[in-house]
Amino acid sequence: MYFERLIGGASIVFGGFLLFFLIPLQVTSQPGPIDPSLFPKIAAWLFILLGLVQLFARAQPVNFGWYEFARLAALAALVLAAAFVMPLAGFLPSAIALMAAVCAFMFERRYAWLAVTIVLVPAATWFVFVIVMGRPLPSIPF
């Protein structure tokens, strides 16, 4: 129980650090319909809110073996690889490949969900950031 509360407290502190120090320092305000700091602030508030939930939640017994740890480590490596590939290949190809890998890790077999997750989620994300908000994402270099 102590470790879960420690993680919850650290999440609250990190969210506060993001909200009150890092976001105002690193994100500049620009005129437009949506403030560039909106999504980072939402993420910071989620850190704080979920940290509070973790802080006050009852501990549940966890059976976390090496197989789950290896899957988690492989998924983290895939996310890191996608972050390195994104400036080279562009947002859409790397996001689609990452979503396909995530679906494979989740053993998803429903084809409708696969199509929505692999293609439409990255395309909708690109549309919201590039078209609606006018914020550039890494483009395809060719």
Charge dipole of the chain about the Cα centre (unit charges at C-beta), most positive-ward option of 16, 107, 34: 107
Span-like helix ranges in the chain, DSSP H, alpha carbon extent 30 angstrom or more, Kyte mean at least 0.0: 66-89
For the range 1-47 and the range 48-119, distance of Cα centres in Å: 21
Under-5 Å amide H pairs with residue 35, H placed in peptide plane, nonlocal only: none
The range 66-132: equivalent-ellipsoid semi-axes (sqrt of 5 x gyration tensor eigenvalues, Cα, Å): 22, 17, 8
Selection of trypsin sites (Lys or Arg not before Pro), the range 24-83, meeting DSSP coil and at most 10 other Cβ within 10 Å: 58
CD proxy at 222 nm, helix term only [per DSSP H run n ≥ 4: -39500 (n - 2.57); per residue of the chain; nearest 500]: -20000 deg cm²/dmol
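Rule-based calculations on the coordinates, nothing more; no lab input. All values derive from a computational prediction rather than experimental measurement. Virtual Cβ from ideal backbone geometry, glycine too; neighbours counted across all protein chains shown.
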